[in-house]
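Student: Okay, here's the structure, questions in a sec.
The values are calculated or read from the model by the stated rules, or taken from the named source; none is laboratory data. Model, not experiment: these values are computed from the prediction. Neighbour counts are summed over all protein chains in view; Cβ atoms, including those assigned to glycine, are modelled from backbone coordinates with ideal geometry.
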């Protein structure tokens, strides 16, 4: 019988997953990875907290608006973020330490904002500058 497993890195993020006939997860674990038995379908929505597999939480942050004037003054603000959190804006990573992100845009276009923290479900937003 095959067993589904996930290997997690020390930071709790997914390293690899698969199935094996090995039933002792200690045989799959290393000093850099912890292997655990998991039910199928839980690869993307769980993480390792150092002691057990936990579900990734939903980020409960909210924007005050998703469309702003492209004048470098009008601001969209996201509040209720985890503290701290790394956020990607158009591929550049910013560390937010106070739970709030405010953005402006100087030319018409879009800001693609992604939050992909280990303990939280990946969340993406688009701010449009007009």
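Student: Scan the range 104-129 for residues that are part of a loop (DSSP other than H, G, I, E, B) and without any contact (Cβ under 8 Å) to a residue 24 or more places away in the chain and jot them down.
Tutor: Hit for the range 104-129 is 122, nothing else.
Student: Of the residues 81, 101, which single one is at pLDDT 95 or above and not in a strand (DSSP E or B)?
Tutor: 81
Student: Given the conditions (1) loosely packed, with under 11 Cβ neighbours inside 10 Å; (2) farther than 19 Å from residue 115 by Cβ; (3) modelled with pLDDT of 95 or more; (4) in contact with a strand residue (DSSP E or B) (Cβ under 9 Å, 6 or more places away or on another chain), which single one is not true for residue 90?
Tutor: Every condition holds for residue 90 apart from (2).
Student: Still on this model: Go through (1) closer than 26 Å to residue 46 by Cβ; (2) without any contact (Cβ under 8 Å) to a residue 12 or more places away in the chain and name the single condition residue 92 misses.
Tutor: Answer for residue 92: the failing condition is (1).
Residue-by-condition table, conditions (1) surrounded by 12 or more Cβ atoms within 10 Å (Cβ to Cβ); (2) touching a strand residue (DSSP E or B) at 6+ places or on another chain (Cβ under 6 Å); (3) at positive phi:
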site: 96; (1), (2), (3): yes, yes, no
site: 107; (1), (2), (3): no, no, no
site: 111; (1), (2), (3): yes, yes, no
site: 124; (1), (2), (3): no, yes, no
site: 127; (1), (2), (3): yes, yes, no
